[in-house]
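Visitor: The structure follows.
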Amino acid sequence: MSFLAPVHFTASQVRVAASCPRILYFDALENRRRNPATPRITRIWEKSESEATAGGSLFHATVEKFNRLAATGDAVRQVVRRSSGRDELLQSAMAFLRSDCLNQDQLLRKSTEIIANFSRCIETYMGELADIIHYAKTIGKDPDEIVDQLFADMPKRVDVTFHVGPQQQPVHVTGRLDYVFFDWRYERLRIVDYKLAPARNPNKDQYQVAIYALMYHHQHRFNCDAAVFYLHPGRHVVEMSWEQIESERAKVYNLLASMVEWSRYSAEKGLGQLPPGETTYCESCTWRGRCEPELGPRSLGSVIDWQPQRVEPIEVVVVDPPMVTPEAVAEEEQALAEERETEAQDNRVTDRPVVLPPVEELFKEYVGEPRVPSPTSALDSGLLSLGWLSHSQQPVAIRPNHLSTHTAIVGAAGSGKTWLAKVLVEEAILSGVPVLAIDPQGDLVQFLKRRPEAEIAEQAPELIGRYREFSARVETRIFTPGTSHAIRLRLNPIRLPRRDDVRESSPARREEEYSGMIDSVALNLVGLVSAGKKSLDAQQAFVGRVLRLLAESRVHDALELSEIAAAIIEPEIVGITDSDHLIKKSERENLGRQINALAHGPLKKLFTRGVALDIDQMRTPVTPGKIPLNIIFLNALSDVEKHAFLAAFATEVYRWMCCAGGDASQPQLLFYLDEARDFLPAGAHKPAAKMPVTRLFTQGRKFGVGCLVCTQSPRSVDYNIFGNCSTKLIGKLETPQDSETVGKWFETDGPKPDWIRQRTGAESGTFVGRWPGQDATESGQVFQSRLLFSTHGGAWTPSQVEEEVQNDPTHLELRRQWSIGE
């Protein structure tokens with residue numbers, strides 16, 4: 001054991017160091033010079049971040065009071081007992097929070113913008129609690145048990161000394177958790193760190209929650225998943241399983257070892273290591289004027305990358321329970337008050353551990369090894385079977401609820417990415433989840449035909465049962481927008497929601513969702529006609545206002561394009577009398593004519609003839625007991641028509657999911673886009689479909705709408721898409737540049753995982769993946785995708801599609817039930 005003097009850091013300093021090591025260095029210089037009682041920690045902001053906050057101190061005080069009263073009082077228990085549904089639960093809990101937990105006077109002293117941000121964050125936070133409680137009730141948990149487990153007085157202060165680096169340097173780290181609780185949706189203990197700031201660099205924030213989980217494990221012997229929950233300006237969650245944290249703990253230890261060297265760096269004295277710089281924060285950094293003059297170019301600097309033969313035991317200092325005194329409790333409460341006041345958590349360095357209560361008796365029923373079915377039981381456990389580990393032939397599987405958190409599959413041409421995506425689609429059908437699959441080239445329509453059972457029996461006899469179940473359950477339907485090669489699909493009429501259609505209990509949230517849906521339709525319509533590009537924003541605002549009035553005044557749930565066009569040309573018919581102040585009459589009339597021309601001009605085949613787009617209808621089988629697999633075949637359309645159709649289709653899916661409701665724990669739909677590059681390009685280019693489809697990735701999970709995307713060129717696809725995918729499956733990569741791009745998805749700091757480099761030129765049909773709750777035995781391991789139950793060959797032409805569906809029993813029955821003529 002090392003006898004070096006320990007170096008003290010807080011969890012907040014770890015986050016700073018992960019973001020920019022040079023900020024840690026300059027803070028350390030300042031702290032040595034001034035020796036303040038509370039060490040300086042420079043807050044990190046990016047140039048593009050808004051100055052408006054969400055009232056962080058008030059938010060934390062309100063939430064902590066709610067949690068405390070929930071644990072000690074009866075009001076929240078009564079809410080849980082009496083509420084019959086998720087929305088009622090949320091409404092009642094919010095009412096209690098406002099009346100008993102929120103300091104209204106303090107809130108009203110803040111600006112209007114901060115009040116709005118605060119309200120939105122509270123609503124999001126309470127909505128997450130309502131989801132957890134509602135799910136626990138649906139699986140039969142007793143209300144008192146739910147409250148006891150969810151709001152248990154788990155210790156939140158962590159204080160651990162790690163021994164890191166080649167010298168086994170003691171590093172003493174302290175911190176305070178936002179929330180640790182048992183989540184029935186995942187059947188796991190979870191540590192959640194709430195951030196009232198944008199998710200600009202979530203990989204950096206992961207360091208903070210990862211070290212929380214490691215500290216909590218070593219101090220209290222619990223294995224916790226960890227998540228960063230961003231509440232402002234919008235909901236975004238980044239998650240890590242305990243198995244993932246444990247398998248990658250060397251990264252955290254190396255960061256701590258590097259922090260020691262960076263903080264003591266002195267070129268003159270030959271001490272420490274030069275810290276590298278990160279340009280992301282330079283514009284707003286306090287130290288930008290001293291950084292390069294004193295330390296040289298930001299690209300210079302080094303990180304300790306030490307790989308021990310084994311991880312040394314961690315020295316944990318725990319004070320026995322009898323030493324808990326009123327003075328210690330008061331000290332802890334005072335420390336917390338100081339932290340919240342400055343909105344900088346964990347910013348004190350302590351010389352001794354904080355006194356903590358015993359926790360051995362908490363969560364007796366749940367704590368222990370995570371309740372994830374073993375790989376050997378994957379085929380009969382209700383999981384989604386992906387394939388087999390190459391080195392052990394053990395099955396590889398993920399949970400059905402992972403569909404809701406989105407999946408990205410990348411690989412070079414011929415790598416097997418579409419094959420694996422089709423495997424995932426088959427598994428979704430086996431789990432009872434309907435599918436909407438966008439087929440730009442003709443690769444997915446082959447779901448219509450089964451692989452011969454004899455091939456399954458010969459090549460993978462263990463799959464024969466699942467093959468038969470899939471064949472019995474799937475109902476494959478092919479839709480061809482603009483043509484009659486299969487079931488012709490049209491975009492007209494346009495469906496608009498009323499406010500009452502939106503499944504949100506809060507009036508504020510209902511209005512936000514409603515406005516978002518109306519604005520998305522307006523954006524899509526104006527984008528399709530692109531009239532008057534210089535005043536596009538004004539046109540969208542005007543069309544949005546017209547649509548709101550039409551939506552509230554109509555009798556039916558859909559509008560013809562001609563109705564919308566008429567109201568745009570003559571807005572007085574919907575009650576708009578000041579239209580000339582919003583948009584010029586000539587521009588308005590031109591816009592109306594072009595929207596009306598959608599049913600008559602170059603895009604008319606997308607809006608005329610065929611079955612009207614109806615997501616509910618697509619989710620409903622024509623044969624009871626079947627699960628619909630809807631293939632939207634776009635190969636008969638031009639590129640412009642493909643983009644126009646997909647933009648309108650994604651907009652309608654968004655409207656449907658906001659009105660249908662749902663939650664992430666119960667996937668209700670899988671949206672699959674094969675080859676995303678053309679529709680979701682990287683950079684500033686925004687083809688018509690980019691924003692509507694991206695919205696599904698950012699909003700879909702909370703409604704149980706999962707997204708699955710494939711690409712052979714990860715560099716060419718907008719990074720926001722991959723950032724919203726919790727499950728990433730990496731096939732053979734074509735170039736080192738692709739490897740570099742993919743590697744960044746998995747880095748928190750330091751070098752990318754070794755297996756990323758091995759993906760360049762890897763064997764086709766093999767993958768390495770990462771997903772929530774991944775078993776440690778699967779992390780970084782190569783697996784081979786299972787055999788497909790459907791055929792998989794060359795892309796079908798429109799003529800082939802027409803020939804295959806002509807006498808298909810499902811399509812014949814669908815035509816009969818839907819009264820589709822020839």
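Visitor: Residues that are open to solvent by less than 10 Å² (accessible area, probe 1.4 Å), in contact with a helix residue (DSSP H, G or I) (Cβ under 8 Å, 6 or more places away or on another chain) and closer than 16 Å to residue 788 by Cβ: find the strands (runs of 3 or more DSSP E) completely inside the range 381-424 holding 3 or more of those.
Guide: 384-389
Visitor: Of the conditions (1) under 23 Å from residue 234 (Cα atoms); (2) at pLDDT below 85, residue 122 fails just one. Which one is it?
Guide: (2)
Visitor: Residues of the range 226-247 being within 17 Å of residue 195 (Cβ to Cβ) and open to solvent by less than 30 Å² (accessible area, probe 1.4 Å), which ones?
Guide: Within the range 226-247, 226, 227, 228, 229, 230, 231, 232, 237, 238, 240 qualify.
Visitor: Look at the range 799-822 and say how many of its residues are within 16 Å of residue 477 (Cβ to Cβ), open to solvent by 30 Å² or more (accessible area, probe 1.4 Å), touching a residue at least 24 places away in the same chain (Cβ under 8 Å) and not in a loop (DSSP other than H, G, I, E, B).
Guide: Number satisfying all stated conditions: 6.
Visitor: Do you know which of the residues in the range 711-738 that are among the β-branched types (Val, Ile, Thr) and over 12 Å from the mean Cα position of the chain (by Cα) is surrounded by the most Cβ atoms within 10 Å (Cβ to Cβ)?
Guide: Across the range 711-738, the extreme among qualifying residues is 730.
Visitor: Say we look at the range 60-74 and pick out the residues that are at pLDDT 90 or above and surrounded by fewer than 16 Cβ atoms within 10 Å (Cβ to Cβ); which of these is farthest from the chain's Cα centre (by Cα)?
Guide: In this case the residue turns out to be 74.
Here is a yes/no grid of residues against (1) of a type in the set (Ser, Thr, Tyr); (2) within 30 Å of the chain's Cα centre (by Cα):
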residue	(1), (2)
743	no, yes
747	no, yes
761	no, yes
768	no, yes
777	yes, yes
780	no, yes
784	no, yes
789	no, yes
808	no, no
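Visitor: For the range 443-534, list the helices (runs of 4 or more DSSP H) that sit wholly inside it and hold at least 1 residues that are more than 33 Å from the chain's Cα centre (by Cα); which are they?
Guide: The helices (runs of 4 or more DSSP H) meeting that bar are 453-459, 464-473.
Visitor: Continuing with this model, one more query. Select from the range 105-164 the residues that are out of contact with any Pro (no Cβ under 9 Å at 6 or more places or on another chain), open to solvent by less than 30 Å² (accessible area, probe 1.4 Å) and among the hydroxyl-bearing types (Ser, Thr, Tyr) and write down the one among them that is farthest from residue 220 (Cα to Cα).
Guide: 124
Visitor: Counting just the residues of the range 248-279 that are among the hydroxyl-bearing types (Ser, Thr, Tyr) and surrounded by fewer than 17 Cβ atoms within 10 Å (Cβ to Cβ), which one comes out nearest to residue 173 (Cα to Cα)?
Guide: By that ranking, first place goes to 266.
Visitor: Continuing with this model, one more query. Out of curiosity, is residue 456 in contact with a Lys or Arg (Cβ under 7 Å, 6 or more places away or on another chain), closer than 17 Å to residue 386 by Cα and open to solvent by less than 20 Å² (accessible area, probe 1.4 Å)?
Guide: Taking the combined requirement at face value, the residue does not satisfy it.
Visitor: Still on this structure, I have one more. For residues that are of a type in the set (A, V, I, L, M), assigned to a loop (DSSP other than H, G, I, E, B) and in contact with a helix residue (DSSP H, G or I) (Cβ under 8 Å, 6 or more places away or on another chain), scanning just the range 148-194, find the one that is farthest from residue 213 (Cα to Cα).
Guide: Among them, the one singled out is 152.
Visitor: In this structure, does residue 622 turn out to be under 13 Å from residue 482 (Cα atoms), of a type in the set (Val, Ile, Thr) and surrounded by fewer than 21 Cβ atoms within 10 Å (Cβ to Cβ)?
Guide: No; evaluated as a whole, the condition is false for this residue.
The values are calculated or read from the model by the stated rules, or taken from the named source; none is laboratory data. Because the structure is a prediction, the values reported are computed rather than measured. Note: ideal-geometry Cβ built from the backbone for every residue, glycine included; neighbour counts use all protein chains shown. With ligands, DNA and RNA removed, areas are computed over all heavy atoms of the protein, side chains included. Shrake-Rupley method; radii C 1.70, N 1.55, O 1.52, S 1.80 Å.
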